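Single-structure report; data block below.
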Amino acid sequence: MNLKERTYLWYLSVLRIYVGYYMLAQGIRKYLRDFPKGDWIGRQIGDIATLDVYPWYRSFLQNYVVPHSELFGYLVMIGEIAVGACLLLGFFTRFSACIGLFMLINYYLGPGMARGGAPLAQQQTFIIALAVFVLANPGRTLGLDGLLFNGNGKGAR
């Protein structure tokens with residue numbers, strides 16, 4: 001598979017811009033609500049002890065996320081803003097898509113699986129879109145990656 005092949009990816013760029021806008025808007029909403037300082041675990045995830053998730057993931061949530069909820073709240077908020085802005089601008093698209101993929105897989109494992117339905121389907125859709133962005137690098141079209149990096153992968157000119 002040649003990941004450096006130059007292709008016309010305008011149709012993926014439209015999807016990249018939408019996903020970037022959505023993630024940026026979610027992060028800004030969290031910022032405006034002072035997300036990290038509130039009870040975001042109760043609102044976003046629910047009662048961890050009763051969640052129907054993998055036992056190893058429940059253990060991770062109880063032992064690491066809950067005791068450091070403010071830190072993880074900031075990581076979620078800043079991560080969504082940064083990934084959203086980078087995808088929207090087409091800046092370091094593959095890297096930001098990898099970070100977003102990591103975040104959304106964690107959302108999927110936590111509240112997504114527990115709630116099912118529309119949140120689960122939405123997270124699955126965004127996970128697939130971000131995986132496509134990692135493979136196709138749509139930031140080269142209608143994005144800053146196309147301006148900063150040349151087509152043969154040698155970096156900025």
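The values are calculated or read from the model by the stated rules, or taken from the named source; none is laboratory data. Since the structure is predicted, the reported quantities are computational estimates derived from the model, not experimental observations. Backbone-built Cβ (ideal geometry, glycine too); neighbour counts: all protein chains shown. Quick note on the areas: whole protein, heavy atoms, side chains included, nothing else; ligands and nucleic acids left out. Shrake-Rupley method; radii C 1.70, N 1.55, O 1.52, S 1.80 Å.
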- Could you grab me the full set of residues in segment 62-82 that are of a type in the set (Val, Ile, Thr) and open to solvent by 80 Å² or more (accessible area, probe 1.4 Å)? ILE78
- Task: Counting only residues that are more than 14 Å from the chain's Cα centre (by Cα), give me the helices (runs of 4 or more DSSP H) lying completely in segment 65-157 with at least 2 of them.
- Result: 69-89, 117-136, 144-148
- Task: Scan segment 122-135 for residues that are open to solvent by less than 50 Å² (accessible area, probe 1.4 Å) and more than 14 Å from SER96 (Cβ to Cβ) and report the count.
- Result: 2
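For residues that are in a loop (DSSP other than H, G, I, E, B) and open to solvent by less than 80 Å² (accessible area, probe 1.4 Å), scanning just segment 16-61, find the one that is nearest to MET77 (Cα to Cα). Working first, answer last.
The initial filter retains those residues of segment 16-61 that are in a loop (DSSP other than H, G, I, E, B), namely 33-34, 38-39, 46-47, 51-54.
Right, trim to open to solvent by less than 80 Å² (accessible area, probe 1.4 Å) and you get 34, 38, 46, 51, 53.
Values: ASP34: 9, GLY38: 12, GLY46: 18, LEU51: 23, VAL53: 23 Å.
Among them, the one singled out is ASP34.
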- Query: Which residues, taken from segment 30-57, are modelled with pLDDT of 90 or more and under 17 Å from LEU104 (Cα atoms)?
  - Reply: LYS30
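Can you find, within segment 104-157, the residue that is modelled with the highest pLDDT among those that are among the hydroxyl-bearing types (Ser, Thr, Tyr) and within 20 Å of VAL14 (Cβ to Cβ)?
Within segment 104-157, the subset among the hydroxyl-bearing types (Ser, Thr, Tyr) is 107-108, 125, 141.
Filter again for within 20 Å of VAL14 (Cβ to Cβ), leaving 125, 141.
On the way: THR125: 94, THR141: 85.
In this case the residue turns out to be THR125.
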- Item | For GLY100: the one exception among (1) surrounded by 15 or more Cβ atoms within 10 Å (Cβ to Cβ); (2) modelled with pLDDT under 90; (3) among the small types (Gly, Ala, Ser) | (2)
- Is it true that GLY90 is open to solvent by less than 20 Å² (accessible area, probe 1.4 Å), more than 20 Å from PHE60 (Cα to Cα) and touching a Phe, Trp or Tyr at 6+ places or on another chain (Cβ under 7 Å)? no
